[in-house]
C-alpha cells in the first residue's frame, strides 16, 4: 500500500523556470492538498481539492496553479519559479465526513525545492 | 490570525518522564482535533485524534485531552522515549468555513534526552 506518493523528491530550478510537482494517492480519498513548510512557519496550505473536479485556494496560493487530474492525482505547477518558493512541499490526501470534517489526512514524503 | 496556536516552540524532557504538548484554538466551529508527528526529511504522520464529544482519547503511550470550555487540548506521552524526538503539530477540523481542510499550529519540537 503506497499511500501518498510525490515526485520528484528533490529539484533545483533557476528563477523563471517552470515545473510541475506530481502527487498520487491510492486510498480512494476524495480530498487532496498541497502544503509548503518553511522554517518557523509550520505547514501552510497552498491549494486543496475537496473532491474530483473542484479546487480552492488555501493560505498561500500566489505563484502556484493546481490540477485535479482524476480522483487519484493532484498536481502543483510553478509557472515562473522565484527564490521565495524555495521550500519543502507536501502533498496530502484525506478522508472527509459529514459537513466536510477532515477525519484522517495522510502526507507524502515531500519534495525539497530550491530556486536559485 | 492564528486559529490554532502551539505556544511552546520547543520542549525538552528526560527519557522515561512525561511529555506534555499543548495547543489552543479560537474557532468555535472546530470539533475534531488531530496530532501529527514529523521527523526531519519526512512527511508528517498521523498520531492520534479526538472528537469534541469526548474529553480524552488514549492510544498506547499517547493520550490526548480536550477541554472545550478553555478551547485547549494537550498531548501526553508517557513514558517518553528518545525516538519520540520530533516536531509535533496540532490540527483542527470542523464544518462551516473550515470544512474540507485542517488548520495547523506551527509545531513544537520535542527533544527526549537519554
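Structure values in brief
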item: Where a residue in the stretch A:94-110 is facing chain B (nearest Cβ under 7 Å) and free of Cβ contacts under 8 Å to residues at least 12 places away in the same chain and its partner, wherever it lies, is surrounded by 15 or more Cβ atoms within 10 Å (Cβ to Cβ) and not in a loop (DSSP other than H, G, I, E, B), with Cβ under 6 Å and at least six apart; result: A:101/B:32; A:101/B:93; A:103/A:95; A:104/A:95
item: Selected residue (criterion: nearest to residue B:1 (Cα to Cα)) from residues of the stretch B:28-53 that are in a loop (DSSP other than H, G, I, E, B) and in contact with a strand residue (DSSP E or B) (Cβ under 7 Å, 6 or more places away or on another chain); result: B:29
item: Any hit, the stretch A:54-61, residues being over 12 Å from residue A:34 (Cβ atoms) and within 14 Å of chain B (Cβ to nearest Cβ); result: yes
item: The stretch B:69-114, residues that are touching a residue at least 60 places away in the same chain (Cβ under 8 Å), more than 14 Å from chain A (Cβ to nearest Cβ) and part of a loop (DSSP other than H, G, I, E, B); result: B:78, B:79, B:80, B:81, B:114
item: Test: residue in the stretch A:76-85 that is at the interface with chain B (Cβ under 10 Å from one of its Cβ atoms) and in contact (Cβ under 8 Å) with a residue 12 or more places away in the chain; result: no
item: From A:39, A:83, residue being surrounded by fewer than 21 Cβ atoms within 10 Å (Cβ to Cβ), more than 15 Å from the chain's Cα centre (by Cα) and modelled with pLDDT under 95; result: A:39
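The values are calculated or read from the model by the stated rules, or taken from the named source; none is laboratory data. This one's a predicted model, so the numbers in the text were calculated from it and none came from an experiment. Methodologically, a virtual Cβ is constructed for each residue, glycine included, from the backbone with ideal geometry; neighbour enumeration extends over all protein chains shown.
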